[in-house]
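K.L.:
Structure below; questions to follow.
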């Protein structure tokens, strides 16, 4: 073979070798590095589930006070909005007509009492005369009938006197319960119509301590309560008012209805709360949470660590060879900033950071992460968005 041909073949071989090396280096330079993720074991805590409902506070007793007798309103003894005790005097009507009627009824009763005494004396004499055969049997029966008639007349007259005494007593209108008053609807000098069930009451008194908080639980939630220990009557509850970030009030379940409402499939439950300082008024809106389970051990992860596809929820866990794989989980309750998940082991290394673009079976570089459980008050405060005041002024 000529030297020129050999040289050409050698040159081609060297060129091919250089080209292969160059392509190999380029391929190695284009291969992406393994992604870096942060992992942490799930947080373990003993928790109890709580259910939240929205409702309004109600007064156990609310009475619209109306007059039982008619008359001119003479005096008002209380201020609007005052706190009163049971039996406290609120209004006084003009008593003069009822004092006169009572005096007349008392007079008639005294007259009837005197007539009864006379009739009894006549009957006694008639009985003696009849024993002596001085009068006929018919005259004795007439005396006996007169005594009975006089006794009945006294009973009727005394009943009229008692009714007149009640009417006189009703001119003083008192509170039947302890509570707080509304604004009154009548002023001194107004003519008050008594005995009417319709129309505006003179004033309304509502009991403010304790207060009730009714709410409706679905049938499924109620069944869970029935199966759990300590979630029925007497179970602890907490309430948060509209301007609060924390559940500041504590109470207990005081009533559970005896039937589920067919139309809604819900059952009425009612909690009771003390209101000694009078902060809460009936009709205020609140959020109540009810303990819905006995305490149990739970695994918690950040909600950002949970992924989903069309049919399931899962988290990424890193095995001993540094490969990230998906692990199906079932979601439970939310605990502050974390989520209860079922299906994890305590030693699972859960990916809590670097999830962007992560696929099952991907080799990863592992860095230690942290799962921090915020306090309940911190988490609730972060979700609260209070409405600011409309305006403000500089204090001089």
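The values are calculated or read from the model by the stated rules, or taken from the named source; none is laboratory data. The model shown is predicted, which means the values in this text are computed figures rather than measured ones. Note: ideal-geometry Cβ built from the backbone for every residue, glycine included; neighbour counts use all protein chains shown.
K.L.:
Regarding residue 153, is this residue over 30 Å from residue 206 (Cβ atoms) and surrounded by fewer than 16 Cβ atoms within 10 Å (Cβ to Cβ)?
P.N.:
When the stated conditions are applied, residue 153 does not pass them.
K.L.:
Return the residues of the stretch 50-83 that are on the phi > 0 side of the Ramachandran plot and touching a helix residue (DSSP H, G or I) at 6+ places or on another chain (Cβ under 8 Å); say none if nothing qualifies.
P.N.:
Correct list: 71 only.
K.L.:
Take the conditions closer than 26 Å to residue 248 by Cα, touching a strand residue (DSSP E or B) at 6+ places or on another chain (Cβ under 9 Å) and at pLDDT 90 or above and apply them to residue 351. Does it pass?
P.N.:
Spelling it out, it is not the case that residue 351 is closer than 26 Å to residue 248 by Cα, touching a strand residue (DSSP E or B) at 6+ places or on another chain (Cβ under 9 Å) and at pLDDT 90 or above.
K.L.:
Here's something else I'd like to know. Answer yes or no: is there a residue in the stretch 307-316 that is under 30 Å from residue 41 (Cα atoms), surrounded by 12 or more Cβ atoms within 10 Å (Cβ to Cβ), out of contact with any helix residue (DSSP H, G or I) (no Cβ under 6 Å at 6 or more places or on another chain) and in contact (Cβ under 8 Å) with a residue 40 or more places away in the chain. Don't jump to the end; show me each part of the working.
P.N.:
Narrowing the stretch 307-316 to residues under 30 Å from residue 41 (Cα atoms): 307-316.
The next check asks that each one be surrounded by 12 or more Cβ atoms within 10 Å (Cβ to Cβ); those that pass are 307, 313-316.
Filter once more, keeping what is out of contact with any helix residue (DSSP H, G or I) (no Cβ under 6 Å at 6 or more places or on another chain): 307, 313-314, 316.
In the following step, the residues that additionally are in contact (Cβ under 8 Å) with a residue 40 or more places away in the chain were identified as 307, 316.
Within the stretch 307-316, one or more residues are under 30 Å from residue 41 (Cα atoms), surrounded by 12 or more Cβ atoms within 10 Å (Cβ to Cβ), out of contact with any helix residue (DSSP H, G or I) (no Cβ under 6 Å at 6 or more places or on another chain) and in contact (Cβ under 8 Å) with a residue 40 or more places away in the chain.
Residues checked against (1) assigned by TED's automatic domain parsing to the domain that holds residue 181; (2) surrounded by fewer than 18 Cβ atoms within 10 Å (Cβ to Cβ); (3) within 30 Å of residue 300 (Cα to Cα):
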{"position": "56", "(1), (2), (3)": "no, yes, no"}
{"position": "67", "(1), (2), (3)": "yes, no, no"}
{"position": "73", "(1), (2), (3)": "yes, no, no"}
{"position": "77", "(1), (2), (3)": "yes, yes, no"}
{"position": "88", "(1), (2), (3)": "yes, yes, no"}
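K.L.:
Would you pick out the residues in the stretch 237-254 that are part of a strand (DSSP E or B) and either crowded, with 16+ Cβ neighbours inside 10 Å or touching a helix residue (DSSP H, G or I) at 6+ places or on another chain (Cβ under 7 Å) (or both)?
P.N.:
Listed by number, the residues that qualify are 237, 238, 239, 240, 241, 249, 251, 253, 254.
K.L.:
If you don't mind, there's one more thing I want to ask. What number of residues within the stretch 54-97 satisfy the criterion of being farther than 22 Å from residue 208 by Cβ, outside any loop (DSSP other than H, G, I, E, B) and touching a residue at least 40 places away in the same chain (Cβ under 8 Å)?
P.N.:
Going through the stretch 54-97 one residue at a time, the tally reaches 7.
K.L.:
Look through 246, 252 and report the one residue that is modelled with pLDDT under 90, touching a strand residue (DSSP E or B) at 6+ places or on another chain (Cβ under 7 Å) and farther than 21 Å from residue 358 by Cα.
P.N.:
246
K.L.:
Going by the conditions given, is residue 287 at pLDDT 90 or above, in the same structural domain as residue 236 (by TED's automatic domain parsing) and out of contact with any helix residue (DSSP H, G or I) (no Cβ under 6 Å at 6 or more places or on another chain)? Lay out the reasoning, then the answer.
P.N.:
Values: at pLDDT 90 or above: yes; in the same structural domain as residue 236 (by TED's automatic domain parsing): yes; out of contact with any helix residue (DSSP H, G or I) (no Cβ under 6 Å at 6 or more places or on another chain): yes.
Yes, satisfied.
K.L.:
Additional query: If I ask for residues that are buried (at least 20 other Cβ atoms within 10 Å of the Cβ) and either assigned by TED's automatic domain parsing to the domain that holds residue 189 or closer than 23 Å to residue 176 by Cα (or both), which ones from the stretch 91-104 would you list? Even if it seems obvious, please write down each step before you answer.
P.N.:
First, the residues of the stretch 91-104 that are buried (at least 20 other Cβ atoms within 10 Å of the Cβ): 91, 93, 98, 102.
Scanning the stretch 91-104 gives 91, 93, 98.
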